[in-house]
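Right, one structure below, let's go through it.
Please treat every number below as a calculation from the coordinates, not as lab data. Bear in mind the structure is a predicted one, so any value in this text is a computation, not a measurement. Note that each Cβ is placed from the backbone with ideal geometry, even for glycine, and that neighbours are counted across all protein chains shown.
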Amino acid sequence: MAQKVAKKRTARNAEMTDVEKLDPMQWIKFYWQQQADDDPYPFLAMSSVLRLHQLMTSVLEQTLKKGFEMSLTDYLMLKTLQLSDTGTRLLSRVAWHLLVHATTVTIATDRLEARGLLTRQAHPKDRRATLVTITDEGRALVDEATAALSEVDFGLPGLTRDQAEALVEIVAPIRKEAGDLDRAH
């Protein structure tokens, strides 16, 4: 009597819908459960956030580059200044808010200042500090860029207003636990 050879389980022949088979997170979950006994969801959550970040920033960068000749860092810097009380911030605080190195903000400042979108000046009481201020041209451009980013759903296609609010609320305690707190106040 011939013995039947068991067919190896793969994501292709798994009991998943065709849509699930196209989802990288379903693929990871399937193989994780085949090879490990621990919970796959912490890794899946991390992978999901990283993949979404990559997809989202790609759309944002393309929109900003094509329509406004600026990077995402440039846009976020102008938006940070626009949203501040006076339109002026310490360069070091802008870097903190953007979660980038001060050198990155300095390079962005050079680009934006050359275009007349912001100005920089020495801090009046601290020679080591530099202040940056958004110009009227910078405000107008960041408003146009924000409208364009809104048209592409800020890189989050299909996200409703209620889902966006829920996402912010779900992520908030995780960000805080990870150390995303402004200790300057």
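A few remarks follow.
- Alpha-carbon centroid distance for the pair the stretch 120-162 / the stretch 19-56, whole angstrom: 33 Å
- Remark: for residue pairs LYS79/LYS176; LYS21/LYS66; LYS79/LYS125, the C-alpha separation exceeds 32 Å in LYS21/LYS66.
- Computed about the Cα centre, the dipole magnitude for the chain is approximately 660 debye when only Lys and Arg (+1) and Asp and Glu (-1) carry charge, each at its Cβ.
- Helix-only mean residue ellipticity at 222 nm for the chain, each DSSP H run of n ≥ 4 adding -39500 (n - 2.57), per residue, nearest 500: -19500 deg cm²/dmol
- Only Cα pairs under 8 Å and 6+ residues apart enter the sum, and on that basis the relative contact order of the chain stands at 17 percent.
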